[in-house]
1. Can you pull out the residues in segment 15-43 that are of a type in the set (Asp, Glu) and assigned to a strand (DSSP E or B)?
2. Collect the residues in segment 14-33 that are more than 16 Å from Phe57 (Cβ to Cβ) and out of contact with any Leu (no Cβ under 8 Å at 6 or more places or on another chain), keeping them in residue-number order.
3. Is at least one residue of segment 11-32 surrounded by 20 or more Cβ atoms within 10 Å (Cβ to Cβ), in contact with a strand residue (DSSP E or B) (Cβ under 9 Å, 6 or more places away or on another chain) and over 13 Å from Val135 (Cα atoms)?
4. Name, by its number, the condition in (1) under 16 Å from Gln20 (Cβ atoms); (2) touching a Phe, Trp or Tyr at 6+ places or on another chain (Cβ under 8 Å); (3) of a type outside the set (S, T, N, Q) that does not hold for Arg75.
5. Any residue in segment 102-117 that is free of Cβ contacts under 8 Å to residues at least 60 places away in the same chain and over 19 Å from Asp21 (Cβ atoms)?
6. Taking the condition outside any loop (DSSP other than H, G, I, E, B) and among the small types (Gly, Ala, Ser), does Ala12 pass?
7. At least 1 residues that are open to solvent by less than 60 Å² (accessible area, probe 1.4 Å) in each: list the strands (runs of 3 or more DSSP E) lying fully within segment 44-157 that qualify.
8. State which residue is nearest to Gly3 (Cα to Cα) when the search covers only segment 103-134 and only residues that are in contact with a Lys or Arg (Cβ under 9 Å, 6 or more places away or on another chain) and not hydrophobic (A, V, I, L, M, F, W, C).
Amino acid sequence: MSGRIYSIPFQALSLSTSTQDLWAVTTTSSMPCEIEEIRLDPCATSVSEFNVSVALFTGSYTAGSGGTSRTPLPRVKGDAAASVTAKTQNTTQTAAGSGAKTVLDAGAWNLVNGWVWQPLDPDHRICVPVSACLVVSLDSTPASQTVSGCLVVRERY
C-alpha cells in the first residue's frame, strides 16, 4: 500500500456528559485518505459503556465546532506534513446539510476494555474521498470521563 501514514492522538481528554465529535478528519479537494485504525483506550475500572459511531459526510455539510485542531503526526520521521486536517472534541457536532451522512460503523465503547476499529483485511479500510469528512462521534455519555485514544490515517498519493 502506498501513501503516508499519520497519527492523530489525544491524551487525557475530559469529556462532559454531552454528545460530541471525538475526531473529525477532513480531506482536501485533491487528496483522499484511508482510515487504518481507531482506538479508544480503557479508562475506568467499573463497567460503563458509551455509544460510538463512525460516519462519513460528503457533499454539503457543516463542520463541527468548539473543538481543538490537531496536527496529524507523520509515522515516518521526515515525511511531509499531512494534507488532511483534524479536530478533536467538537462540542457542536458535524451536520449533513444538503449532503449525505453515512454511518459506517457503530457500537459501544466499554470503558474497562476500550474500543478499537481496525480492518481485518487491508481492503476493508474506510476510504474518505476528496472534500469529505470522517467523524468518530460519541453519541452518549452517561458520565463525565477522562479518555485517551488515537486515529491512524493513510493519505493516498
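The values are calculated or read from the model by the stated rules, or taken from the named source; none is laboratory data. In this text the structure is predicted, and so the values were computed from the model without any measurement. Ideal geometry is used to build each Cβ from the backbone, glycine not excepted, and the neighbour counts take in all protein chains shown. For accessibility, only protein heavy atoms count, side chains too; no ligands or nucleic acids. Shrake-Rupley method; radii C 1.70, N 1.55, O 1.52, S 1.80 Å.
1. Asp21, Glu34, Glu36, Glu37
2. The answer is Ser14, Ser16, Thr17, Ser18, Ser30, Met31.
3. no
4. (1)
5. As a first pass, look at segment 102-117 and keep what is free of Cβ contacts under 8 Å to residues at least 60 places away in the same chain: 102-108.
With over 19 Å from Asp21 (Cβ atoms) added as a condition, the list becomes none.
No, segment 102-117 has no match at all.
6. Numbers: outside any loop (DSSP other than H, G, I, E, B): yes; among the small types (Gly, Ala, Ser): yes.
Here the answer is yes, as Ala12 does meet what is asked.
7. 49-58, 85-90, 100-110, 115-117, 126-128, 133-138, 145-155
8. So the residue we want is Arg125.
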